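> I'd like to ask some things about the structure below.
The values are calculated or read from the model by the stated rules, or taken from the named source; none is laboratory data. Note that this is a predicted model, so its numbers are computed, not measured. Backbone-built Cβ (ideal geometry, glycine too); neighbour counts: all protein chains shown.
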Amino acid sequence: MSLPQVISSAVEQSLSKYLNTLVTIKETHPVSGGCINHTVGLTTNQGKFFLKYNDAKLYPEMFSKEAKGLSLLRSEDTINTPEVIDNQVSGNYSWLLLEHIESGPRKLNFWEDFGFRLSELHKITHDSFGLDHDNYIGSLVQHNDHHNNWTDFFIQQRLMPQIELANKNGLLNSEINNQFEHLFKRLPNIFPEESPALLHGDLWSGNFMVNNQDEVCLIDPAVYFGHREMELAFTKLFGGFENHFYEAYNENKPLEPGFIDRVDIYNLYPLLVHANLFGKSYLRPVRETINLYF
């Protein structure tokens, strides 16, 4: 595939500055997994790199915020993420340039190592839930205003924006809106108290890779400081990870009793996100979860 010339020129200039030598792009090829953005592998005279790009007007600042999230995760040195090389707006396009991650096979202790590394990431804390900027989950804006209380954050920054969007999209009715209001009153007695933890924020099987050293590498984050159970619940939404992952996590940073009973509550958020992105089929498990609390 060919890159728009304005991107190609800008990326070559950026890489030349980054590597302090003249860089030219020799070959480009599409990379699978880019359902929102164009994803491209670059082969240059100085090695391989990974590029995302899109119309700059579609998702304002998406790539700059993804770059911040990746850099924040990487700075804690607990779990791998691709190094951010640059992100810019060139002409009508915005783009994000990352190091190339060479894929490798999963070895026997991969899931144990992944669980341990994630538990170490979740030891990174903050004095409140949220982040100093909003970002994206998928193609939707994710709000991160700070709250001192997880329940307030979960309601105001996670559920309510998606409920409002779902109502705007004609997906909900007065009955389910009333059920949400009743559920909100019960949440303070459901969530265990925990300090805010640094989360990837969108952790499912499509958002991690295995590098050629058999180590996990997280991609496509929706970073914020939240309740760590939220992250682990998300991993169970589309089939879950191997049991060794959860065992290793729990051994290093034990969960409060009853976590498995809270999973569906946490996953109301990603299910609402998916309903707003992909349609009504994701509302059935939302209704089933809410009905459990009446």
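> Every residue in the range 270-286 that is closer than 17 Å to LEU165 by Cβ and among the charged types (D, E, K, R), please.
Answer for the range 270-286, where residues must be closer than 17 Å to LEU165 by Cβ and among the charged types (D, E, K, R): just LYS280.
> Now a separate question. Return only the number of the condition from (1) touching a residue at least 40 places away in the same chain (Cβ under 8 Å); (2) more than 22 Å from HIS182 (Cα to Cα); (3) polar (S, T, N, Q) that ASN291 does not satisfy.
(2)
> Right, something else. How many of the residues in the range 1-17 are surrounded by fewer than 17 Cβ atoms within 10 Å (Cβ to Cβ) and closer than 28 Å to GLY206 by Cβ?
3
> When both residues are 6+ apart or on different chains and their Cβ atoms are under 6 Å apart, which pairs have a first residue that lies in the range 185-196 and is farther than 9 Å from ASN149 by Cα and among the acidic types (Asp, Glu), and a second that is assigned to a loop (DSSP other than H, G, I, E, B) and modelled with pLDDT of 95 or more?
GLU194/HIS227
> Among the residues that make up the range 149-165, is at least one of them among the charged types (D, E, K, R), within 30 Å of ILE7 (Cβ to Cβ) and free of Cβ contacts under 8 Å to residues at least 60 places away in the same chain?
So far as the range 149-165 goes, no, none of its residues is among the charged types (D, E, K, R), within 30 Å of ILE7 (Cβ to Cβ) and free of Cβ contacts under 8 Å to residues at least 60 places away in the same chain.
> Still on this structure: Any residue in the range 244-257 that is loosely packed, with under 14 Cβ neighbours inside 10 Å sitting within a Cβ distance under 9 Å of a residue that is part of a loop (DSSP other than H, G, I, E, B)? List the pairs, counting only those 6 or more apart or interchain.
Pairs that qualify, where the first residue is loosely packed, with under 14 Cβ neighbours inside 10 Å and the partner is part of a loop (DSSP other than H, G, I, E, B), are GLU256/PRO192; GLU256/GLU193; GLU256/GLU194; PRO257/PRO192.
> Based on this model, can you work out whether VAL40 counts as buried (at least 20 other Cβ atoms within 10 Å of the Cβ) and either free of Cβ contacts under 8 Å to residues at least 12 places away in the same chain or farther than 24 Å from ASP132 by Cβ (or both)?
yes
> Among the residues of the range 101-118, is there at least one that is within 16 Å of the chain's Cα centre (by Cα), without any contact (Cβ under 8 Å) to a residue 60 or more places away in the chain and part of a loop (DSSP other than H, G, I, E, B)?
No - not one qualifying residue is present in the range 101-118.
> For THR289, which of the numbered conditions (1) over 27 Å from ILE124 (Cα atoms); (2) loosely packed, with under 14 Cβ neighbours inside 10 Å fails to hold?
In the conditions (1) over 27 Å from ILE124 (Cα atoms); (2) loosely packed, with under 14 Cβ neighbours inside 10 Å, THR289 misses (2) alone.
> Looking at (1) among the hydrophobic types (A, V, I, L, M, F, W, C); (2) more than 18 Å from the chain's Cα centre (by Cα); (3) surrounded by 17 or more Cβ atoms within 10 Å (Cβ to Cβ), which one does VAL31 not meet, given that it meets all the others?
(3)
> Further, regarding this structure: Taking strands (runs of 3 or more DSSP E) that fall entirely within the range 1-93, which contain at least 2 residues that are under 19 Å from GLY138 (Cβ atoms) and not assigned by TED's automatic domain parsing to the domain that holds GLN142?
The qualifying strands (runs of 3 or more DSSP E) are 38-44, 47-55.
> Between a residue in the range 198-211 that is closer than 23 Å to LEU268 by Cβ and any residue that is part of a loop (DSSP other than H, G, I, E, B) and modelled with pLDDT under 95, which pairs come within a Cβ distance under 6 Å, given they are 6 or more apart or on different chains?
Short answer, once both residue conditions are applied: TRP204/PHE238.
> Just checking, does the range 208-226 include any residue being touching a Gly at 6+ places or on another chain (Cβ under 7 Å), assigned to a helix (DSSP H, G or I) and not assigned by TED's automatic domain parsing to the domain that holds VAL84?
Checking the range 208-226: not a single residue is touching a Gly at 6+ places or on another chain (Cβ under 7 Å), assigned to a helix (DSSP H, G or I) and not assigned by TED's automatic domain parsing to the domain that holds VAL84.
> Residues of the range 157-207 being in a loop (DSSP other than H, G, I, E, B), under 30 Å from THR81 (Cα atoms) and of a type outside the set (D, E, K, R), which ones?
Within the range 157-207, PHE191, PRO192, SER195, PRO196, HIS200, GLY201, LEU203, TRP204 qualify.
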